[in-house]
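Chemist: Below you will find the structure I want to go over with you.
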2 protein chains.
Amino acid sequence: MRATEQAEPAPRRRRGRPGHDQSAILRAAVELFNRRGYDATSMGDLAKELGLTKPAIYYHVTSKEQLLGQALDDALDELTSVVTEASTERAGVTAYQRLREVVRRSVEVLVAHQQSVTLLLRVRGNSEVELAALSRRRWLDDRLAALVADAVAEGSLRDDVPPALVSRLLFGMVNSLVEWYRAEGAYDQAMVADAITTIAFDGLARHES
Amino acid sequence: MRATEQAEPAPRRRRGRPGHDQSAILRAAVELFNRRGYDATSMGDLAKELGLTKPAIYYHVTSKEQLLGQALDDALDELTSVVTEASTERAGVTAYQRLREVVRRSVEVLVAHQQSVTLLLRVRGNSEVELAALSRRRWLDDRLAALVADAVAEGSLRDDVPPALVSRLLFGMVNSLVEWYRAEGAYDQAMVADAITTIAFDGLARHES
(Lines give C-alpha, C1' and ligand atoms only; values in the text may rest on other atoms or scores of the structure.)
Protein backbone atom coordinates (compact mmCIF):
# COMPACT_ATOMS: atom_id res chain seq x y z
CA MET A 1 0.00 0.00 0.00
CA ARG A 2 1.40 3.41 -0.94
CA ALA A 3 1.78 6.15 1.67
CA THR A 4 -0.30 8.59 -0.38
CA GLU A 5 -3.24 6.14 -0.34
CA GLN A 6 -3.10 5.87 3.44
CA ALA A 7 -3.58 9.62 3.70
CA GLU A 8 -6.79 9.57 1.67
CA PRO A 9 -10.10 9.65 3.59
CA ALA A 10 -11.41 6.14 4.16
CA PRO A 11 -14.92 6.50 2.62
CA ARG A 12 -13.53 7.60 -0.72
CA ARG A 13 -10.90 4.86 -0.83
CA ARG A 14 -13.43 2.17 -0.03
CA ARG A 15 -15.75 2.96 -2.88
CA GLY A 16 -13.86 1.16 -5.63
CA ARG A 17 -12.80 -1.90 -3.63
CA PRO A 18 -13.75 -5.34 -4.88
CA GLY A 19 -16.24 -6.82 -2.44
CA HIS A 20 -17.76 -3.52 -1.42
CA ASP A 21 -20.50 -3.60 -4.04
CA GLN A 22 -21.15 -7.24 -3.33
CA SER A 23 -21.79 -6.62 0.36
CA ALA A 24 -24.00 -3.63 -0.47
CA ILE A 25 -25.98 -5.85 -2.87
CA LEU A 26 -26.30 -8.52 -0.17
CA ARG A 27 -27.55 -6.02 2.41
CA ALA A 28 -30.13 -4.62 0.00
CA ALA A 29 -31.21 -8.11 -1.06
CA VAL A 30 -31.79 -9.29 2.51
CA GLU A 31 -33.76 -6.18 3.34
CA LEU A 32 -35.88 -6.67 0.21
CA PHE A 33 -36.40 -10.41 0.88
CA ASN A 34 -37.66 -9.55 4.38
CA ARG A 35 -39.92 -6.76 3.16
CA ARG A 36 -41.51 -8.54 0.18
CA GLY A 37 -40.77 -12.20 0.76
CA TYR A 38 -37.95 -14.13 -0.91
CA ASP A 39 -40.07 -15.85 -3.54
CA ALA A 40 -41.81 -12.63 -4.53
CA THR A 41 -38.51 -10.77 -5.04
CA SER A 42 -36.80 -10.95 -8.43
CA MET A 43 -33.26 -9.98 -9.39
CA GLY A 44 -34.95 -7.26 -11.46
CA ASP A 45 -36.60 -5.87 -8.29
CA LEU A 46 -33.21 -5.90 -6.59
CA ALA A 47 -31.55 -4.08 -9.50
CA LYS A 48 -34.28 -1.45 -9.39
CA GLU A 49 -33.91 -1.03 -5.62
CA LEU A 50 -30.16 -0.44 -6.03
CA GLY A 51 -30.45 1.70 -9.15
CA LEU A 52 -28.31 -0.80 -11.05
CA THR A 53 -28.78 -2.76 -14.25
CA LYS A 54 -29.32 -6.51 -14.01
CA PRO A 55 -25.97 -7.23 -15.74
CA ALA A 56 -24.25 -5.03 -13.14
CA ILE A 57 -25.70 -7.20 -10.38
CA TYR A 58 -24.85 -10.44 -12.14
CA TYR A 59 -21.27 -9.19 -12.41
CA HIS A 60 -21.10 -9.55 -8.60
CA VAL A 61 -23.46 -12.44 -7.76
CA THR A 62 -24.44 -15.54 -9.68
CA SER A 63 -28.05 -15.91 -8.51
CA LYS A 64 -30.75 -14.89 -6.07
CA GLU A 65 -30.24 -18.19 -4.27
CA GLN A 66 -26.55 -17.39 -3.78
CA LEU A 67 -27.58 -14.19 -2.00
CA LEU A 68 -30.02 -16.13 0.18
CA GLY A 69 -27.35 -18.70 1.04
CA GLN A 70 -24.83 -16.00 1.96
CA ALA A 71 -27.31 -14.19 4.19
CA LEU A 72 -28.36 -17.38 5.96
CA ASP A 73 -24.71 -18.43 6.43
CA ASP A 74 -23.96 -15.00 7.85
CA ALA A 75 -26.61 -15.44 10.54
CA LEU A 76 -25.86 -19.13 11.13
CA ASP A 77 -22.09 -18.66 11.43
CA GLU A 78 -22.56 -16.07 14.18
CA LEU A 79 -25.11 -18.13 16.08
CA THR A 80 -23.07 -21.31 15.69
CA SER A 81 -20.03 -19.59 17.14
CA VAL A 82 -22.01 -18.38 20.17
CA VAL A 83 -23.69 -21.74 20.78
CA THR A 84 -20.51 -23.75 20.27
CA GLU A 85 -18.67 -21.70 22.85
CA ALA A 86 -21.56 -21.96 25.31
CA SER A 87 -21.76 -25.72 24.78
CA THR A 88 -18.08 -26.23 25.59
CA GLU A 89 -17.48 -27.26 29.18
CA ARG A 90 -14.97 -25.10 30.99
CA ALA A 91 -13.44 -25.55 34.41
CA GLY A 92 -15.24 -23.51 37.05
CA VAL A 93 -18.09 -22.43 34.72
CA THR A 94 -21.49 -24.02 35.33
CA ALA A 95 -23.98 -24.95 32.62
CA TYR A 96 -26.28 -22.35 34.19
CA GLN A 97 -23.65 -19.64 33.68
CA ARG A 98 -23.07 -20.77 30.10
CA LEU A 99 -26.82 -20.70 29.42
CA ARG A 100 -27.14 -17.15 30.76
CA GLU A 101 -24.17 -16.21 28.60
CA VAL A 102 -25.63 -17.73 25.44
CA VAL A 103 -28.89 -15.83 25.98
CA ARG A 104 -27.01 -12.54 26.35
CA ARG A 105 -24.74 -13.16 23.38
CA SER A 106 -27.68 -14.29 21.23
CA VAL A 107 -29.31 -10.93 21.87
CA GLU A 108 -26.10 -9.26 20.65
CA VAL A 109 -26.09 -11.35 17.46
CA LEU A 110 -29.77 -10.69 16.78
CA VAL A 111 -29.31 -6.96 17.17
CA ALA A 112 -26.10 -6.84 15.08
CA HIS A 113 -27.44 -9.16 12.35
CA GLN A 114 -31.15 -8.44 12.64
CA GLN A 115 -31.95 -8.58 8.92
CA SER A 116 -30.16 -11.86 8.19
CA VAL A 117 -31.51 -13.51 11.37
CA THR A 118 -35.03 -12.36 10.41
CA LEU A 119 -34.56 -14.06 7.06
CA LEU A 120 -33.25 -17.19 8.77
CA LEU A 121 -36.22 -17.39 11.13
CA ARG A 122 -38.65 -17.26 8.19
CA VAL A 123 -37.03 -20.03 6.16
CA ARG A 124 -39.56 -22.78 5.37
CA GLY A 125 -37.39 -25.33 3.55
CA ASN A 126 -38.53 -24.58 -0.01
CA SER A 127 -35.10 -25.27 -1.62
CA GLU A 128 -31.76 -27.03 -1.02
CA VAL A 129 -30.31 -23.83 0.41
CA GLU A 130 -33.24 -23.45 2.82
CA LEU A 131 -33.12 -27.11 3.84
CA ALA A 132 -29.40 -26.79 4.61
CA ALA A 133 -30.16 -23.74 6.77
CA LEU A 134 -32.95 -25.59 8.59
CA SER A 135 -30.55 -28.44 9.28
CA ARG A 136 -28.03 -26.03 10.82
CA ARG A 137 -30.85 -24.44 12.88
CA ARG A 138 -31.84 -27.86 14.21
CA TRP A 139 -28.24 -28.45 15.32
CA LEU A 140 -28.34 -25.17 17.24
CA ASP A 141 -31.71 -26.05 18.81
CA ASP A 142 -30.38 -29.45 19.88
CA ARG A 143 -27.24 -27.95 21.46
CA LEU A 144 -29.33 -25.39 23.34
CA ALA A 145 -31.74 -28.03 24.61
CA ALA A 146 -28.75 -30.11 25.77
CA LEU A 147 -27.34 -27.09 27.61
CA VAL A 148 -30.69 -26.52 29.36
CA ALA A 149 -30.73 -30.22 30.30
CA ASP A 150 -27.20 -29.90 31.75
CA ALA A 151 -28.28 -26.90 33.82
CA VAL A 152 -31.27 -28.90 35.12
CA ALA A 153 -29.01 -31.87 35.89
CA GLU A 154 -26.57 -29.74 37.90
CA GLY A 155 -29.53 -28.48 39.95
CA SER A 156 -29.52 -24.85 38.77
CA LEU A 157 -32.83 -24.87 36.88
CA ARG A 158 -36.30 -26.02 37.82
CA ASP A 159 -36.99 -29.57 36.69
CA ASP A 160 -40.78 -29.45 36.29
CA VAL A 161 -40.73 -28.23 32.66
CA PRO A 162 -39.16 -30.45 29.95
CA PRO A 163 -35.72 -29.02 28.96
CA ALA A 164 -36.52 -29.08 25.23
CA LEU A 165 -39.67 -27.04 25.89
CA VAL A 166 -37.78 -24.58 28.10
CA SER A 167 -35.26 -24.15 25.30
CA ARG A 168 -37.99 -23.54 22.70
CA LEU A 169 -39.70 -20.89 24.85
CA LEU A 170 -36.51 -19.21 26.06
CA PHE A 171 -35.15 -18.77 22.54
CA GLY A 172 -38.65 -18.03 21.27
CA MET A 173 -38.53 -15.01 23.57
CA VAL A 174 -35.02 -14.10 22.36
CA ASN A 175 -35.92 -14.56 18.68
CA SER A 176 -39.04 -12.41 19.00
CA LEU A 177 -36.62 -9.46 19.10
CA VAL A 178 -36.16 -9.49 15.34
CA GLU A 179 -39.85 -8.65 14.88
CA TRP A 180 -39.93 -5.48 16.93
CA TYR A 181 -36.43 -4.38 17.97
CA ARG A 182 -35.33 -1.04 16.51
CA ALA A 183 -31.83 0.22 17.27
CA GLU A 184 -33.18 3.78 17.40
CA GLY A 185 -36.05 2.74 19.72
CA ALA A 186 -36.58 3.12 23.45
CA TYR A 187 -34.56 0.05 24.50
CA ASP A 188 -30.85 -0.42 23.95
CA GLN A 189 -29.29 -3.83 23.50
CA ALA A 190 -28.06 -4.10 27.10
CA MET A 191 -31.52 -3.26 28.48
CA VAL A 192 -33.15 -5.94 26.32
CA ALA A 193 -30.53 -8.52 27.28
CA ASP A 194 -31.03 -7.68 30.98
CA ALA A 195 -34.81 -7.89 30.64
CA ILE A 196 -34.71 -11.29 28.96
CA THR A 197 -32.25 -12.81 31.42
CA THR A 198 -34.18 -11.35 34.36
CA ILE A 199 -37.58 -12.59 33.14
CA ALA A 200 -36.26 -15.96 32.04
CA PHE A 201 -33.93 -16.86 34.87
CA ASP A 202 -35.80 -15.56 37.82
CA GLY A 203 -38.45 -17.88 36.44
CA LEU A 204 -36.15 -20.75 35.70
CA ALA A 205 -33.82 -20.56 38.67
CA ARG A 206 -34.81 -22.71 41.60
CA HIS A 207 -36.11 -20.55 44.42
CA GLU A 208 -35.71 -21.86 47.93
CA SER A 209 -39.05 -21.49 49.68
CA MET B 1 -85.20 -28.21 7.84
CA ARG B 2 -86.93 -31.42 6.82
CA ALA B 3 -86.95 -34.41 9.16
CA THR B 4 -85.45 -36.67 6.47
CA GLU B 5 -82.43 -34.39 6.17
CA GLN B 6 -81.82 -34.55 9.91
CA ALA B 7 -81.50 -38.33 9.66
CA GLU B 8 -78.73 -38.16 7.06
CA PRO B 9 -75.14 -38.58 8.25
CA ALA B 10 -73.56 -35.20 8.96
CA PRO B 11 -70.48 -35.41 6.69
CA ARG B 12 -72.59 -36.13 3.61
CA ARG B 13 -75.07 -33.35 4.40
CA ARG B 14 -72.31 -30.81 4.87
CA ARG B 15 -70.74 -31.31 1.50
CA GLY B 16 -73.18 -29.29 -0.57
CA ARG B 17 -73.76 -26.44 1.86
CA PRO B 18 -73.04 -22.90 0.78
CA GLY B 19 -70.04 -21.66 2.76
CA HIS B 20 -68.40 -25.03 3.09
CA ASP B 21 -66.31 -24.70 -0.05
CA GLN B 22 -65.46 -21.15 0.87
CA SER B 23 -64.04 -22.17 4.24
CA ALA B 24 -62.10 -25.03 2.64
CA ILE B 25 -60.67 -22.56 0.12
CA LEU B 26 -59.74 -20.19 2.94
CA ARG B 27 -57.99 -22.93 4.89
CA ALA B 28 -56.00 -24.05 1.86
CA ALA B 29 -55.14 -20.45 0.96
CA VAL B 30 -53.78 -19.65 4.41
CA GLU B 31 -51.72 -22.82 4.47
CA LEU B 32 -50.31 -21.97 1.02
CA PHE B 33 -49.62 -18.32 1.95
CA ASN B 34 -47.64 -19.53 4.98
CA ARG B 35 -45.75 -22.14 3.01
CA ARG B 36 -44.80 -20.05 -0.03
CA GLY B 37 -45.38 -16.46 1.06
CA TYR B 38 -48.47 -14.41 0.26
CA ASP B 39 -46.96 -12.40 -2.59
CA ALA B 40 -45.51 -15.49 -4.27
CA THR B 41 -48.86 -17.33 -4.22
CA SER B 42 -51.27 -16.80 -7.12
CA MET B 43 -54.94 -17.72 -7.37
CA GLY B 44 -53.78 -20.17 -10.04
CA ASP B 45 -51.52 -21.87 -7.46
CA LEU B 46 -54.44 -22.05 -5.08
CA ALA B 47 -56.71 -23.57 -7.73
CA LYS B 48 -54.05 -26.19 -8.50
CA GLU B 49 -53.60 -26.98 -4.80
CA LEU B 50 -57.35 -27.58 -4.44
CA GLY B 51 -57.77 -29.39 -7.74
CA LEU B 52 -60.24 -26.73 -8.87
CA THR B 53 -60.45 -24.44 -11.88
CA LYS B 54 -59.83 -20.73 -11.36
CA PRO B 55 -63.47 -19.86 -12.24
CA ALA B 56 -64.61 -22.35 -9.56
CA ILE B 57 -62.55 -20.47 -6.97
CA TYR B 58 -63.74 -17.06 -8.17
CA TYR B 59 -67.30 -18.31 -7.76
CA HIS B 60 -66.64 -18.35 -4.01
CA VAL B 61 -64.12 -15.55 -3.42
CA THR B 62 -63.54 -12.23 -5.15
CA SER B 63 -59.76 -11.94 -4.75
CA LYS B 64 -56.60 -13.20 -3.09
CA GLU B 65 -56.65 -10.11 -0.88
CA GLN B 66 -60.16 -10.99 0.31
CA LEU B 67 -58.81 -14.36 1.49
CA LEU B 68 -55.93 -12.63 3.26
CA GLY B 69 -58.32 -10.19 4.94
CA GLN B 70 -60.61 -13.00 6.10
CA ALA B 71 -57.71 -15.00 7.54
CA LEU B 72 -56.28 -11.99 9.37
CA ASP B 73 -59.71 -11.06 10.73
CA ASP B 74 -60.19 -14.62 11.91
CA ALA B 75 -56.99 -14.43 13.99
CA LEU B 76 -57.56 -10.84 15.11
CA ASP B 77 -61.18 -11.37 16.17
CA GLU B 78 -60.15 -14.23 18.46
CA LEU B 79 -57.21 -12.35 19.98
CA THR B 80 -59.26 -9.16 20.38
CA SER B 81 -61.93 -11.06 22.26
CA VAL B 82 -59.35 -12.56 24.65
CA VAL B 83 -57.53 -9.26 25.21
CA THR B 84 -60.73 -7.23 25.61
CA GLU B 85 -61.98 -9.57 28.32
CA ALA B 86 -58.61 -9.53 30.09
CA SER B 87 -58.50 -5.72 29.93
CA THR B 88 -61.89 -5.35 31.58
CA GLU B 89 -61.69 -4.69 35.29
CA ARG B 90 -63.76 -7.06 37.39
CA ALA B 91 -64.47 -6.97 41.11
CA GLY B 92 -62.16 -9.24 43.06
CA VAL B 93 -59.91 -10.07 40.07
CA THR B 94 -56.45 -8.51 40.06
CA ALA B 95 -54.59 -7.27 36.98
CA TYR B 96 -52.04 -10.00 37.73
CA GLN B 97 -54.75 -12.66 37.53
CA ARG B 98 -56.10 -11.18 34.29
CA LEU B 99 -52.59 -11.14 32.81
CA ARG B 100 -52.02 -14.82 33.66
CA GLU B 101 -55.41 -15.56 32.13
CA VAL B 102 -54.66 -13.70 28.90
CA VAL B 103 -51.39 -15.63 28.52
CA ARG B 104 -53.18 -18.94 28.95
CA ARG B 105 -56.03 -18.03 26.62
CA SER B 106 -53.62 -16.66 24.00
CA VAL B 107 -51.95 -20.07 23.93
CA GLU B 108 -55.37 -21.63 23.28
CA VAL B 109 -56.05 -19.22 20.39
CA LEU B 110 -52.61 -19.77 18.86
CA VAL B 111 -53.03 -23.53 18.95
CA ALA B 112 -56.60 -23.46 17.61
CA HIS B 113 -55.88 -20.86 14.90
CA GLN B 114 -52.20 -21.57 14.30
CA GLN B 115 -52.22 -21.01 10.53
CA SER B 116 -54.08 -17.71 10.56
CA VAL B 117 -52.07 -16.38 13.51
CA THR B 118 -48.86 -17.38 11.70
CA LEU B 119 -50.03 -15.35 8.72
CA LEU B 120 -50.90 -12.42 10.99
CA LEU B 121 -47.49 -12.43 12.66
CA ARG B 122 -45.76 -12.22 9.26
CA VAL B 123 -47.75 -9.28 7.93
CA ARG B 124 -45.43 -6.44 6.90
CA GLY B 125 -47.90 -3.73 5.86
CA ASN B 126 -47.60 -4.09 2.08
CA SER B 127 -51.28 -3.28 1.35
CA GLU B 128 -54.37 -1.65 2.83
CA VAL B 129 -55.52 -4.99 4.22
CA GLU B 130 -52.14 -5.57 5.87
CA LEU B 131 -51.99 -2.04 7.27
CA ALA B 132 -55.44 -2.50 8.80
CA ALA B 133 -54.27 -5.74 10.42
CA LEU B 134 -51.13 -4.05 11.77
CA SER B 135 -53.29 -1.32 13.24
CA ARG B 136 -55.43 -3.91 15.05
CA ARG B 137 -52.26 -5.67 16.25
CA ARG B 138 -50.96 -2.40 17.69
CA TRP B 139 -54.21 -1.96 19.61
CA LEU B 140 -53.73 -5.42 21.12
CA ASP B 141 -50.09 -4.66 22.00
CA ASP B 142 -51.12 -1.42 23.68
CA ARG B 143 -53.85 -3.11 25.74
CA LEU B 144 -51.42 -5.83 26.86
CA ALA B 145 -48.75 -3.29 27.82
CA ALA B 146 -51.39 -1.39 29.83
CA LEU B 147 -52.40 -4.60 31.59
CA VAL B 148 -48.76 -5.30 32.50
CA ALA B 149 -48.46 -1.72 33.79
CA ASP B 150 -51.60 -2.22 35.93
CA ALA B 151 -50.12 -5.40 37.40
CA VAL B 152 -46.89 -3.53 38.21
CA ALA B 153 -48.89 -0.66 39.76
CA GLU B 154 -50.85 -3.01 42.02
CA GLY B 155 -47.53 -4.44 43.23
CA SER B 156 -47.85 -7.93 41.72
CA LEU B 157 -45.04 -7.68 39.15
CA ARG B 158 -41.43 -6.55 39.42
CA ASP B 159 -40.97 -2.91 38.53
CA ASP B 160 -37.36 -2.96 37.29
CA VAL B 161 -38.22 -3.82 33.65
CA PRO B 162 -40.33 -1.35 31.59
CA PRO B 163 -43.91 -2.71 31.26
CA ALA B 164 -43.94 -2.26 27.47
CA LEU B 165 -40.76 -4.33 27.20
CA VAL B 166 -42.15 -7.03 29.51
CA SER B 167 -45.22 -7.19 27.30
CA ARG B 168 -43.14 -7.51 24.11
CA LEU B 169 -41.04 -10.33 25.55
CA LEU B 170 -43.89 -12.15 27.25
CA PHE B 171 -46.00 -12.26 24.10
CA GLY B 172 -42.87 -12.84 22.01
CA MET B 173 -42.52 -16.07 23.96
CA VAL B 174 -46.23 -16.89 23.48
CA ASN B 175 -46.15 -16.05 19.75
CA SER B 176 -43.06 -18.19 19.15
CA LEU B 177 -45.44 -21.14 19.48
CA VAL B 178 -46.73 -20.74 15.95
CA GLU B 179 -43.24 -21.48 14.59
CA TRP B 180 -42.74 -24.85 16.24
CA TYR B 181 -45.94 -26.09 17.90
CA ARG B 182 -47.37 -29.27 16.40
CA ALA B 183 -50.63 -30.64 17.76
CA GLU B 184 -49.30 -34.16 17.23
CA GLY B 185 -45.99 -33.36 18.95
CA ALA B 186 -44.66 -34.10 22.43
CA TYR B 187 -46.37 -31.18 24.20
CA ASP B 188 -50.08 -30.68 24.54
CA GLN B 189 -51.67 -27.27 24.79
CA ALA B 190 -52.07 -27.38 28.58
CA MET B 191 -48.41 -28.34 29.07
CA VAL B 192 -47.25 -25.43 26.89
CA ALA B 193 -49.58 -22.99 28.67
CA ASP B 194 -48.29 -24.19 32.05
CA ALA B 195 -44.67 -23.91 30.92
CA ILE B 196 -45.10 -20.35 29.66
CA THR B 197 -46.94 -19.12 32.74
CA THR B 198 -44.42 -20.85 35.02
CA ILE B 199 -41.37 -19.44 33.22
CA ALA B 200 -42.85 -15.99 32.78
CA PHE B 201 -44.50 -15.42 36.15
CA ASP B 202 -42.02 -16.99 38.45
CA GLY B 203 -39.72 -14.47 36.79
CA LEU B 204 -42.14 -11.59 36.86
CA ALA B 205 -43.78 -12.11 40.22
CA ARG B 206 -42.16 -10.27 43.07
CA HIS B 207 -40.28 -12.72 45.28
CA GLU B 208 -39.86 -11.78 48.90
CA SER B 209 -36.20 -12.24 49.78
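Chemist: Exactly one of (1) farther than 18 Å from A:Glu179 by Cα; (2) within 13 Å of chain A (Cβ to nearest Cβ) is unmet by B:Val109. Its number?
Modeler: (2)
Chemist: Something else now. Identify, from the list A:Asp77, A:Asp45, the residue that is more than 21 Å from A:Val166 (Cβ to Cβ) and under 23 Å from the mean Cα position of the chain (by Cα).
Modeler: A:Asp77
Chemist: The conditions are (1) more than 15 Å from the chain's Cα centre (by Cα); (2) part of a helix (DSSP H, G or I); (3) of a type in the set (D, E, K, R), and B:Arg124 fails exactly one of them. Which is it?
Modeler: (2)
Conditions tested, residue by residue: (1) under 15 Å from the mean Cα position of the chain (by Cα); (2) over 25 Å from A:Thr198 (Cα atoms).
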{"position": "B:Gln70", "(1), (2)": "yes, yes"}
{"position": "B:Glu89", "(1), (2)": "no, yes"}
{"position": "B:Arg100", "(1), (2)": "no, no"}
{"position": "B:Val109", "(1), (2)": "yes, yes"}
{"position": "B:Gln115", "(1), (2)": "yes, yes"}
{"position": "B:Asp159", "(1), (2)": "no, no"}
{"position": "B:Leu165", "(1), (2)": "no, no"}
{"position": "B:Val174", "(1), (2)": "yes, no"}
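Chemist: Considering segment B:91-128 alone, what residues qualify as being of a type outside the set (A, V, I, L, M), modelled with pLDDT under 90 and open to solvent by 60 Å² or more (accessible area, probe 1.4 Å)?
Modeler: B:Arg124, B:Asn126
Chemist: If a residue must be at the interface with another protein chain (Cβ under 9 Å from one of its Cβ atoms), among the small types (Gly, Ala, Ser) and more than 20 Å from A:Thr118 (Cβ to Cβ), how many such residues does segment A:135-183 contain?
Modeler: The total comes to 1.
The values are calculated or read from the model by the stated rules, or taken from the named source; none is laboratory data. Computed from a prediction, not measured in an experiment: that's the story for all the values here. Note that we place each Cβ from the backbone using ideal geometry, even for glycine, and neighbour counts take in every protein chain shown. Note: accessible area is taken over every heavy atom of the protein model, side chains too, but ligands, DNA and RNA are not part of it. Shrake-Rupley method; radii C 1.70, N 1.55, O 1.52, S 1.80 Å.
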